[in-house]
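Everything below concerns the one structure shown next.
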Amino acid sequence: MAFPDATGPAGGLPDFGGMDLQGMLGQAMQMQQRMVEAQHGTAGGGLVSAKVTGTGDLVGLEIKPEAADPEDTETLADLVIAAVRDARAAADRLAADKMGPLAGGGMPDLGNLGNLFG
């Protein structure tokens, strides 16, 4: 069995049957950067805004003064929850758009790797 050249073209990544591993690595790095960018969500017509990372960590929360009624903290709590959910949904949509089946923990179709090793 013949294995691909360990150094690849011009000392770069190995040549795996014409696959552009350098390009794939670059795309993966771009996806990773987009995933850590914060996604925004709102509730109550913009009264509450939340910001989450691609991994779902809450990193920002803005509450407009008119949303803070001391007599009705339950509604404010509901708006915060809704804004965080909205931001998380935006992050999930970005993950699904950028990473496809990998975003949901699935595996890509590996059925066509017959020519990988020559």
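The values are calculated or read from the model by the stated rules, or taken from the named source; none is laboratory data. Quick caveat, the model's predicted, so the values are computed rather than measured. A quick note on method: Cβ atoms are made from the backbone with ideal geometry, for glycine too, and the neighbour counts reach across all protein chains shown.
To keep it simple, each residue is scored yes or no on (1) of a type in the set (A, V, I, L, M, F, W, C); (2) in a strand (DSSP E or B); (3) in contact (Cβ under 8 Å) with a residue 12 or more places away in the chain.
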{"site": "Lys51", "(1), (2), (3)": "no, yes, yes"}
{"site": "Thr55", "(1), (2), (3)": "no, no, yes"}
{"site": "Val59", "(1), (2), (3)": "yes, yes, yes"}
{"site": "Glu62", "(1), (2), (3)": "no, yes, yes"}
{"site": "Asp86", "(1), (2), (3)": "no, no, yes"}
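Here are the criteria: (1) in contact with a Leu (Cβ under 9 Å, 6 or more places away or on another chain); (2) at pLDDT 85 or above. Tell me which single one Pro70 does not satisfy.
(1)
Within the bounds of the range 49-63, is there any residue that is at pLDDT 95 or above, among the polar types (S, T, N, Q) and in contact with an Asp or Glu (Cβ under 6 Å, 6 or more places away or on another chain)?
Within the range 49-63, one or more residues are at pLDDT 95 or above, among the polar types (S, T, N, Q) and in contact with an Asp or Glu (Cβ under 6 Å, 6 or more places away or on another chain).
Condition check: touching a Leu at 6+ places or on another chain (Cβ under 8 Å), hydrophobic (A, V, I, L, M, F, W, C), at pLDDT 95 or above and more than 21 Å from Ala28 (Cα to Cα). Does Ile81 satisfy that?
When the stated conditions are applied, Ile81 does not pass them.
Quick one: would you say Gly45 is within 24 Å of Asp92 (Cβ to Cβ), modelled with pLDDT of 75 or more and either loosely packed, with under 14 Cβ neighbours inside 10 Å or of a type in the set (Phe, Trp, Tyr) (or both)?
When the stated conditions are applied, Gly45 passes them.
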